[in-house]
1. So, in region 185-196, how many residues would count as being over 24 Å from LEU17 (Cβ atoms) and crowded, with 22+ Cβ neighbours inside 10 Å?
2. So, ALA125, is that one in contact (Cβ under 8 Å) with a residue 60 or more places away in the chain and assigned by TED's automatic domain parsing to the domain that holds VAL93 or not?
3. Considering region 196-223 alone, what residues qualify as being hydroxyl-bearing (Ser, Thr, Tyr) and either in contact with a Lys or Arg (Cβ under 7 Å, 6 or more places away or on another chain) or under 22 Å from ALA186 (Cβ atoms) (or both)?
4. Being within 30 Å of the chain's Cα centre (by Cα), among the hydrophobic types (A, V, I, L, M, F, W, C) and within 13 Å of ILE333 (Cβ to Cβ) is the filter here, so list the residues in region 288-311 that pass it.
5. Quick one: which helices (runs of 4 or more DSSP H) sit completely within region 18-124 and have at least 1 residues that are in contact with a Leu (Cβ under 7 Å, 6 or more places away or on another chain), more than 20 Å from GLU5 (Cα to Cα) and not charged (D, E, K, R)?
6. With region 138-255 as the region, which strands (runs of 3 or more DSSP E) entirely inside it contain at least 1 residues that are touching an Asp or Glu at 6+ places or on another chain (Cβ under 9 Å)?
7. Out of curiosity, is LEU162 surrounded by 16 or more Cβ atoms within 10 Å (Cβ to Cβ), among the hydrophobic types (A, V, I, L, M, F, W, C) and modelled with pLDDT of 95 or more?
8. Take region 35-55 and flag every residue that is surrounded by 16 or more Cβ atoms within 10 Å (Cβ to Cβ) and closer than 14 Å to LYS209 by Cα.
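The values are calculated or read from the model by the stated rules, or taken from the named source; none is laboratory data. Worth saying up front: this structure is predicted, and the values here are computed from it rather than measured. No Cβ is skipped: glycine too gets one built from the backbone with ideal geometry, and neighbour counts run over all protein chains shown.
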Amino acid sequence: MIEIEYKNINKKYNQELFAVANANFNVKKGEFLVLVGPSGCGKSTILRMTAGLEEITSGEIYFDGKLINDVAPKDRRIGMVFQNYALYPHLTVFENIAFPLKIAKESKQNIKKRVDEIAQIVDLADYLNRKPKELSGGQRQRVALGRAIARKPDVFLFDEPLSNLDAKLRVMMRTEIINLQRNIGATSIYVTHDQTEAMTMGDRLVVMKDGIIQQIASPAELYNQPDNIFVAGFIGSPQMNFFEGKIVLDNGIKFIENKSGNVFQLSESNFRTKAKEQNATLGIRPEKIMISNEMDINTFSTRITNIEYLGFESIIYFKTDDKAKCLRTIAEISNKTGDEILIKSEQNSIIIFDSNGQRL
């Protein structure tokens with residue numbers, strides 16, 4: 001296991017366009033770190049620079065304190081798993097897994113022993129003589145995983161390895177990858193644009209947008225304590241509800257929504273800094289809003305625009321200020337689309353952002 005450190009990493013593809021801008025973070029020994037963000041945010045570029053497949057414009061990458069900027073990819077002791085599996089179609093499963101060992105000039109006896117061990121780990125012992133075209137998507141991904149661990153790498157790099165699989169198989173493979181990583185103990189960096197995948201797999205997440213790191217934290221901290229509106233909206237499904245309005249200091253702290261005039265009572269605990277009057281955005285998670293039977297604090301009337309029944313829960317959509325919002329409930333509901341309802345928000349779950357989208 002090794003620790004990876006990124007110092008002031010920049011990647012430019014021309015004089016003006018930054019693919020990655022001033023990235024500073026570390027990956028702890030044995031950690032499963034996830035780089036997450038929308039397509040084109042720079043996460044795969046960081047992964048490729050780590051592997052040595054992409055040149056660094058400026059900055060430094062260290063493996064256990066050793067600068068590796070100029071170390072050849074083959075000498076970085078990295079196992080990489082790609083989105084498209086990158087298997088050799090003319091080789092068998094055995095030959096694909098054995099390929100890096102063959103390149104390293106291992107003996108045939110050692111290669112067979114190692115491949116047999118790996119086949120047991122990735123549950124492919126009965127498929128070693130098959131070609132990739134004879135395998136399912138999940139089995140091909142296991143072959144790619146097997147090949148990546150063949151040389152006992154210090155670091156695993158995963159570049160959206162599950163994006164070509166169907167939804168059910170993705171869930172299964174998430175568990176398999178996590179179990180494999182924990183058993184082997186290698187420091188791992190995983191790239192995905194799927195926030196659900198990131199939240200369920202990562203020890204910590206690095207959230208990126210437009211080449212810039214927005215926040216680095218555990219899944220729980222990102223969900224409950226986002227630093228800005230982008231993180232708050234990107235993490236969580238359905239996403240956080242946002243209400244546009246202003247903070248008013250009048251008989252306490254209030255947030256008043258712009259058009260509707262809906263009022264939310266707040267306290268200093270809703271703020272990281274001292275509350276002051278200003279334009280702001282109020283954010284609250286769908287599960288922190290509930291249907292109420294009576295008018296109370298932080299309660300107002302709205303109309304249901306749609307209901308999604310998901311078995312164990314229901315998502316109820318409504319509008320305020322002509323903008324769609326939703327609540328999530330596991331309670332049985334008798335309401336239907338078009339009904340007028342009272343909704344209430346939990347005051348201690350409200351987060352406030354300034355006009356620049358930064359958390360107050």
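1. Of the residues in region 185-196, 5 are over 24 Å from LEU17 (Cβ atoms) and crowded, with 22+ Cβ neighbours inside 10 Å.
2. Values: in contact (Cβ under 8 Å) with a residue 60 or more places away in the chain: no; assigned by TED's automatic domain parsing to the domain that holds VAL93: yes.
Criteria not met by ALA125.
3. Going through region 196-223, the residues hydroxyl-bearing (Ser, Thr, Tyr) turn out to be 196, 200, 218, 223.
Those that are hydroxyl-bearing (Ser, Thr, Tyr) and either in contact with a Lys or Arg (Cβ under 7 Å, 6 or more places away or on another chain) or under 22 Å from ALA186 (Cβ atoms) (or both): THR200, SER218.
4. Across region 288-311, the qualifying residues are MET290, ILE307, LEU310.
5. On the way: elements: 43-51, 93-103, 108-121.
Of the helices (runs of 4 or more DSSP H) lying wholly inside region 18-124, those with at least 1 residues that are in contact with a Leu (Cβ under 7 Å, 6 or more places away or on another chain), more than 20 Å from GLU5 (Cα to Cα) and not charged (D, E, K, R) span 93-103, 108-121.
6. Values: elements: 155-159, 187-192, 204-209, 212-217, 241-249.
Per the criteria, 187-192, 204-209, 212-217, 241-249.
7. Numbers: surrounded by 16 or more Cβ atoms within 10 Å (Cβ to Cβ): yes; among the hydrophobic types (A, V, I, L, M, F, W, C): yes; modelled with pLDDT of 95 or more: no.
Answer is no for this residue.
8. In the first step, residues of region 35-55 are kept if they are surrounded by 16 or more Cβ atoms within 10 Å (Cβ to Cβ); the result is 35-37, 41-52, 54.
Passing the criteria: LEU35, VAL36, GLY37, CYS41, GLY42, LYS43, SER44, THR45, ILE46.
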